[in-house]
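Quick note: the coordinates plus some simple rules give every number you see, no bench work behind them. Predicted, not measured: the structure shown is a model, and the values here were computed from it. All Cβ positions, glycine included, derive from the backbone under ideal geometry; neighbour counts span all protein chains shown.
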Amino acid sequence: MHEQNTDTGTDSETFILGDGVGLSNNFTLFVSDDTGSPAIRYNGSLKVWQYSNDGDNFANFGAADGTYLPLAGGTMTGDIVFADTQTFSASKITGTLGLGQGGTGLSDGDLSSGDLLYYSSGDSFSRIPLGSVGQVLTITSGGIPAWRSSTAISPHDILSVHHSDTIPGVIQPGDLIIAVDDSGETKWSRLAAGKQWPISSNERWGTHLEFRQCFNSA
């Protein structure tokens, strides 16, 4: 390379690094002669252009054939837009994908066997750990699902105060369960077993039934 010019510009359209030197060498341009200066370099062994922010660690601009962009180390900023027809191998995708990228926002270490996922806010699902035997899935006052112990219902009579649609009573052998009118509401009640009489409608009670002795008119 020739001695550095003292002027600030040139009208030459071509500038050759390593004139007469084979392409197997590295050709580097530094921004300054200070230690740790940024630089760009053509790596002759890899046949790629590279850049460096400190003059020592270089990353590739692109591959030799220009068909892909190799990335090694560092952190990428900005977006890469892929064609709609682009496909990806699952083995090539690492990290945790948020909801906006079609993922859950959760990693394998965040989940356990039997978990249920639901959305609350942000860019990830929330999880509900597996409940216990006998628990039921309910909705809390905050509007999110949660496992809760079910309320145990003790055994009780069919015509007990536990049923709002019945007239409380004690069932006896031979009783029939019939629907009756109770102050304008239809409720279940017991029709006590009668003598050896048939069941007929009681005109005084409208549609109510009763055991009644029948007499022949003959």
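Data for the structure
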quantity	calculated
Segments 49-56, 143-150 sorted - mean Cβ within 10 Å per residue, highest first	49-56, 143-150
Other-chain or far-sequence residues with amide H under 5 Å of VAL48's (modelled H)	ASN43
Long-range HN-HN contacts of ASP182 with modeled amide H, under 5 Å	LYS187
